[in-house]
Amino acid sequence: MAKHSLLEGLNPQQQKAVLHIKGPMLVLAGAGSGKTKVITHRFAYLSSACDVQPSSILAMTFTNKAANEMRERVEELTGKGTRGLWIGTFHSLSSRILRKEIEKLGYGRDFCIYDESDTSSLIRSILKEFRMHEALYKGIASRVSSLKASLVSSEALIANEESYGFDEKLAKVYVRYQEDLKKNNALDFDDLITCTVKLFEEHPTVLKKYQDEFEHIMIDEFQDTNLSQYRLSRLLASRHKNIFVVGDDDQSIYKFRGAEIGNILNFEKDFSKAKVIRLEQNYRSTQNILDAAGSVIEQNESRKSKKLWTDRGRGEKISYCIANNEQEEGGFIAQTIKDLYLKGKYSYGDMTILYRLNQQSRVLEESMRGSGIPYNVVGSISFYRRKEVKDIISYLKVINNPNDSVSLKRIINSPPRGIGKTTLTRLGNEAKKKEKSLFGIMKHVVKGNGYSSSFRDKIKGFTSLMDELIGDKDAELSELINLIYEKTGYLEWAGEEKRGNLMEIISSAEGKAMEDFLDNASLFSAHDEEETKDTVSLMTLHTVKGLESPVVFIAGLEDGLMPHFYSINRDDEIQEERRLFYVGMTRARDILFLSGVKRRKLYASVQDQQPSRFLSEIPSECCCYIEKRPRTGALSKGARVIQMRPRSTSPFATGVRVRHPKWGEGVVRDSYGETDDTKVMVNFPSVGIKRLSLKFANLEKIR
């Protein structure tokens, strides 16, 4: 393919990025600036015009959807298939390496991958064994994941207690969790990366093999990388130094998942000869939306400057509606959607509603239903997370790896076989004593002496069934699934309502190898679901990354929601919340509506709300102000944005402990307003967040 044809349709900055062949490069790709186009054209240019073998290019991104789009675009540009090439997610490509090399770490190549549900089951069983309250589960699971993302092993946690804020209970669970994973020959999502890093660091010859294989490293959405992903990238790129990363620090919104914004901000320090290119031409939004969003994000100190522009024209002003309560806010959004739809310019599928917290969706859904508007809540339970689908995948996992005790526990009574909790507990204790897997101890019990006939008989039928299915392991995958249905009676037991999903598993498995199918199912996320057409999409701001829509509504723009009250006391957290708002704003192509309320029911109580501080950062000329009148519900319009009241110098400053005559002790989260009418936001453990006027609250400062 001619070199010039691969540069067609690229602007000058995009062309510079594509033509960069040797050495490290950071492409700062502003929202809607065509980053996917750049990375796929560069892949095609390297492989078609520079005599670089396609198999020597490692291209990594974060979701299966993004990886599939990358493959499709490369195929379209080169006219060649991408099967077997190293294009995929960090997790899938790490899994591919581990399938070949993991025996060096003491695992079998038939390891299984535990998804969030499997991890949940395993941690809950450990908590139960240690007699710890199950309410600890989410906190412990999140902290273990965070430690792994930061490359802190259970051994390192214990050895460096002070460095990592040592927690004895956490350490105890973490150690057992890793032991049980190893015993089950299983890895969780984080292990896919950390084990690959460990493999490379402990086995230099293996690292050299893959350094030799990958002459070029390309990474999309670089701002979302955590420490372990960054370490993996640096290890692989340390020989040729041909690392090409594309990202936008202004769109780094996944700190809670371990993303390190420092990876992109410090790239030039870590790769001293790195070149930087800024993509600032936006192909998505109108200039008015870009100016408003740009003015907001400029308030962040920790960022690399960019000035987005477009040739799409000014476009409509942003509309900001202040309603009296969340029902009125939902009604305003529903009515606006209905009006736009009836005018015929936009379909329902062209409109998206964004919000900060999942619980905001309930009132918005009620408004959609009340107005007869079809909608879809994005991020709800995906196909591969449905119980019946998970059950069949668990059967396949046990057939492929009988040591997978978590999957075995899931299926042992699906359909019911009379193997109760008492029997399972006894089997689990026996397995620990004899250092066997759950299936291994069941086989031992069936064959051995010293067990009652009733105990043996309870589990003999199940072990015989699984032995039969394991014997069928080499059958075509779709045929094997049919055999599971036939021999277990699962299809009849599940009932007609679930039949459609169960038959869909067979269709999705046709022509696939079992390990590939299981890996894909385990690595599947809600982002990879097929989009529902011609329905309004409802989703959280964290879910919207990578998407766009002609018309966007951002609801709940109030301090305490956006930014979230947990973030108000820390500057780095406020900056992340501002990036989140920026991401939401820049999803809009044509029209952007912002809304908030004066009073909202939160945490079981109705509270006075103040407009989000981010609204005052939008230039007044970019926005049209709409207010719902309290009595009539009519709309009044003006050309202004809510201006935030000055922050007060009250003695009840952020962080001060106070006592209320009715709600007891609490902590001040925020303080604002005029000197003669200062208001405070206080978090009371007994009732949640309250917004109070100091003139009437009778607050007592606790010394």
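The values are calculated or read from the model by the stated rules, or taken from the named source; none is laboratory data. Keep in mind the model is a prediction, meaning the values are calculated, not measured. Heads up, the Cβs are rebuilt from the backbone with ideal geometry, glycines too, and the neighbour counts pull from every protein chain shown. Side chains are part of the model used for accessible areas, which takes the heavy atoms of the whole protein and leaves out ligands, DNA and RNA. Shrake-Rupley method; radii C 1.70, N 1.55, O 1.52, S 1.80 Å.
Overview of results
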| quantity | calculated |
| --- | --- |
| Among (1) at pLDDT below 85; (2) open to solvent by 30 Å² or more (accessible area, probe 1.4 Å) - the single one Pro661 does not satisfy | (1) |
| Index of the failed condition, Gly584 passing every other in (1) surrounded by 23 or more Cβ atoms within 10 Å (Cβ to Cβ); (2) part of a strand (DSSP E or B) | (2) |
| Where a residue in the stretch 443-463 is farther than 17 Å from Arg417 by Cβ and its partner, wherever it lies, is open to solvent by less than 80 Å² (accessible area, probe 1.4 Å) and of a type outside the set (Val, Ile, Thr), with Cβ under 7 Å and at least six apart | His444/Lys436 |
| Any helices (runs of 4 or more DSSP H) falling wholly within the stretch 63-177 and containing at least 3 residues that are open to solvent by 50 Å² or more (accessible area, probe 1.4 Å) and closer than 30 Å to Val206 by Cα | 64-78, 154-159 |
| From Leu342, Leu308, residue being of a type outside the set (Phe, Trp, Tyr) and more than 22 Å from Ser616 (Cβ to Cβ) | Leu342 |
| Per-region count, the stretch 306-343, residues open to solvent by less than 60 Å² (accessible area, probe 1.4 Å) and either under 22 Å from Val597 (Cβ atoms) or not hydroxyl-bearing (Ser, Thr, Tyr) (or both) | 24 |
| Conditions (1) over 30 Å from Met585 (Cβ atoms); (2) open to solvent by 10 Å² or more (accessible area, probe 1.4 Å); (3) at pLDDT below 95: number failed by Ala237 | (2) |
| Breaking point among (1) modelled with pLDDT of 90 or more; (2) open to solvent by 70 Å² or more (accessible area, probe 1.4 Å); (3) in contact with a strand residue (DSSP E or B) (Cβ under 9 Å, 6 or more places away or on another chain); (4) not aromatic (Phe, Trp, Tyr), for Met368 | (2) |
| Odd one out for Ile381 among (1) within 20 Å of Val544 (Cα to Cα); (2) modelled with pLDDT of 90 or more; (3) among the hydrophobic types (A, V, I, L, M, F, W, C); (4) outside any helix (DSSP H, G or I) | (2) |
| Subset of the stretch 327-359 (residues that are part of a helix (DSSP H, G or I) and more than 20 Å from Val544 (Cβ to Cβ)) | Gln327, Glu328, Gly331, Phe332, Gln335, Lys338, Asp339, Tyr341, Leu342 |
| Of residues in the stretch 110-127 being polar (S, T, N, Q) and touching an Asp or Glu at 6+ places or on another chain (Cβ under 9 Å), the one nearest to Leu98 (Cα to Cα) | Thr119 |
| Leading residue by the ranking (modelled with the lowest pLDDT) among those in the stretch 40-62 that are closer than 24 Å to Ile193 by Cα and open to solvent by 10 Å² or more (accessible area, probe 1.4 Å) | Phe62 |
| Hits in the stretch 240-275 (condition: open to solvent by 60 Å² or more (accessible area, probe 1.4 Å) and either within 22 Å of Leu541 (Cα to Cα) or touching a residue at least 40 places away in the same chain (Cβ under 8 Å) (or both)) | Lys241, Lys255, Phe256, Arg257, Glu260, Glu268, Lys273, Lys275 |
| Unique match (being modelled with pLDDT under 95 and either under 26 Å from the mean Cα position of the chain (by Cα) or in a helix (DSSP H, G or I) (or both)) among Asp191, Asp180 | Asp180 |
| Selection within the stretch 362-378 - farther than 14 Å from Gly596 by Cα, touching a residue at least 40 places away in the same chain (Cβ under 8 Å) and either out of contact with any helix residue (DSSP H, G or I) (no Cβ under 7 Å at 6 or more places or on another chain) or not in a loop (DSSP other than H, G, I, E, B) (or both) | Glu365, Ser367, Met368, Tyr375, Asn376, Val377, Val378 |
| Test: residue in the stretch 399-418 that is modelled with pLDDT under 90 and over 22 Å from Ser117 (Cα atoms) | yes |
| Checking Gly500 against (1) part of a helix (DSSP H, G or I); (2) exposed (fewer than 13 other Cβ atoms within 10 Å of the Cβ); (3) at pLDDT 90 or above; (4) not acidic (Asp, Glu), the condition it does not meet | (3) |
| The listed residue being crowded, with 16+ Cβ neighbours inside 10 Å, charged (D, E, K, R) and in a loop (DSSP other than H, G, I, E, B), out of Lys436, Lys409, Lys473 | Lys436 |
